[in-house]
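Asks: Attaching a single structure in structure tokens format; questions to follow.
Bear in mind that the values in this text are calculations on the coordinates, not laboratory data. Predicted model only: the values in this text are computed from it and were never measured. Note that we place each Cβ from the backbone using ideal geometry, even for glycine, and neighbour counts take in every protein chain shown.
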Amino acid sequence: MNDGYDLLVLGGGIAGAAAALAAARRGRRVAVVRGGPGATALSAGAWRGPLPVEVGEALAEGGVPHERPAGALPHPRGELVPADHAAPAQCRAVPVEGALVCGIVGLPGFDAAALARLWGEAAGVRLEAAVVAAGSGTPAAGWSPVALAAALDRDPSPLADALAEAVRVSGATRVIVPAVAGLERSAAVLAALGEAAGVPVGEALGVPPSLPGWRLDRALLAGLATAGVEVVQGRVVEREVEGRRVVAVGVRPTRGDAEALRLEAAAYVLATGKYLGGGIVVEGTIREAALGCPVRVDHVGPPVEAFDALALTHADRSLPQPLLRAGVETDAQGRPVDGRGDVVYENVYVAGTVRAGRSGSEPGLGAAAKEGVRAGEAAG
Amino acid sequence: MRGRAFAWANLGYRFALHLLRLPLRPFRRGRDEARFLGAVVREGYVPLEAGEREAFPSFMACIGCGLCTLACPSLREAPRDAWAEAWTFVVGPSRSIDRPALLDAPACARCGDCALACPMEVPIPRLTALVERLASAAK
């Protein structure tokens, strides 16, 4: 089915997508092997760090253009999260004087009165709070974010009417709602809400399953398709190696019982993520799953195969945990190295949280995207 | 001290009883099993089939991220009370859930979109089949 790609990207999160986009932009023939959504799809919606131009274009192409927010973004935990870029829905939720924090009847995890006080204190502004019903069809057990978002996809008008009334009563200058304004048609839903309310309506950041993260992931896929990047749904289960080069990989498709594919490429980007994405696996020993690169754990020293599990955690949970920073060590060009610092594969470039020293729990996206672009350019 | 002496004596008595009963075991097997199953079924538990037992460890990989609920077309079309916290459905077999209520939930079409969205590769359609079977068996 293929006579070889210029670049095969393993992993379709933000780092992998950025690598594929960067290489496609240089006219290379690129494919992405993607097991499923990973940490990128669980992001809250606050982009920290640089937004490479090819990634920004792809996100806009996918219907989620990113802008610079005027301030820190409100998180449903009650704090303000600094962000360098965010989708318009999140940018409109920057707390300003007289904004109305609007909860929804039956939706847990968003206490409007408490959040208005916490966000207001953090931003140094006065916020109003209200709780409105999203129509008469509130399920007896309450809304889940996805059920509410899907209901708003179908018909945003009951919530739009309720928001309009709440704005009329409070005289609010903008409205901050939980991140539930639509699953597939969020731009249209938010436009309808804003039009009815007569003021900007923004969404707070999301908590898993985060709709802003899900939309970001969908937008990346759409952007990859537009850029002419082929996306293969599956996971790498085999590799063919000649000397210090990966010649081909065997991919087991995620859907159904389809036969394993053999994909050949001149170069590879390893961007499979850490524990959530499945890039680093702990099963008795710790290993890199796709290409079998040596794994380095900070204070154990050189890349290891057998390890003492206790060496990977600090008893003090407030300290950075070595386990979260375990990963593939690279040389200056981003190629995987072993314990002696020798390059393991000359045609593989590593990007994102699969790398050693990068914690999967760090906020960001930007750093991974930048690394992805660098890897894509080096490999392409 | 007296409590401990009693505990040891009791343990010895039970063990002696156990040794005496050992030769009878082949004859009692069916009866004990029936008694056990009777008690368990009364509690609303349903024995797992061999294939389900085999697949169980893969079900337990669920980390409760909820991505499957975002991917499921059935959930979008017919959000119902039973699905309000749909990811409990995935970890459901290990928890106390209202199984008959799940029967009112929209039928799973086995499209597999949920499994594609699962970062931990939980075979969710197999799990849905299991929960549907348990729900109808407990009805």
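Asks: Around A:Tyr5, which amide H atoms from residues at least 5 apart in sequence, or from another chain, sit under 5 Å from its own amide H, with H modelled in the peptide plane?
Replies: Amide H to amide H, under 5 Å and 5 or more residues apart or across chains, A:Tyr5 pairs with A:Glu264, A:Ala265, A:Ala266.
Asks: Return the long-range amide H neighbours of A:Val246 (sequence gap of 5 or more, or a different chain), with a cut-off of under 5 Å between placed amide H atoms.
Replies: Close amide H contacts, sequence-distant or interchain: A:Glu346, A:Asn347.
Asks: ³J(HN,Hα) across segment A:338-347 via Karplus (A = 6.51, B = -1.76, C = 1.60, θ = phi - 60°), whole Hz, x for Gly/Pro?
Replies: So the Karplus estimates, Gly and Pro as x, are 9, x, 8, x, 7, 5, 7, 10, 6, 10 Hz.
Asks: At what distance in angstrom do the alpha carbon centres of segment B:44-59 and segment A:26-93 lie from each other?
Replies: Using only Cα atoms to place each centre, the spacing works out to 40 Å.
Asks: Assign one of three labels to segment B:2-42, namely rounded, prolate or oblate, based on the Cα gyration tensor with a ≥ b ≥ c the square roots of its eigenvalues; rounded applies when a/c is under 1.5, prolate when it is not and a/b is larger than b/c, and oblate otherwise.
Replies: oblate
Asks: Continuing with the same structure: With N residues in segment A:94-204, what two-decimal value do you get for its Cα radius of gyration over 2.2 N^0.38 Å?
Replies: Normalised Rg, Cα atoms only: 0.98.
Asks: Continuing with this model, one more query. Let me know the shape class of segment A:74-151, please: from the alpha-carbon gyration tensor, a ≥ b ≥ c as square roots of the eigenvalues, rounded when a/c is under 1.5, otherwise prolate if a/b is greater than b/c, or oblate.
Replies: Verdict is prolate for segment A:74-151.
Asks: Compute the Cα gyration tensor for segment A:189-249, then decide on rounded, prolate or oblate, letting a ≥ b ≥ c be the square roots of its eigenvalues: rounded whenever a/c is under 1.5, prolate when a/b is larger than b/c in the other cases, and oblate in all that remain.
Replies: The shape class here is prolate.
Asks: A further question on this structure: For the protein assembly as shown, max minus min Cα coordinate along each principal axis, in Å, sorted largest first?
Replies: 81, 70, 53
Asks: Per-residue Cβ counts within 10 Å, from other chains only, averaged over A:139-148: what number is that?
Replies: Per residue, the number of nearby Cβ atoms from other chains is 6 on average.
Asks: For the protein assembly as shown, which cysteines have no disulfide-compatible partner, meaning no other cysteine Cβ under 4.7 Å?
Replies: A:Cys91, A:Cys102, A:Cys293, B:Cys62, B:Cys65, B:Cys72, B:Cys108, B:Cys111, B:Cys118
Asks: Please return the longest stretch of chain A lacking exposed loop sites, where GluC sites (Glu not before Pro) count only if DSSP places them in a loop and at most 11 other Cβ atoms lie within 10 Å.
Replies: Result, exposed sites excluded: A:1-258.
Asks: Ordered by residue, what ³J(HN,Hα) values in Hz, to whole numbers, does segment A:15-25 give under the Karplus form 6.51 cos²θ - 1.76 cosθ + 1.60, where θ = phi - 60° and Gly and Pro are x?
Replies: 5, x, 4, 5, 4, 5, 5, 5, 6, 4, 4
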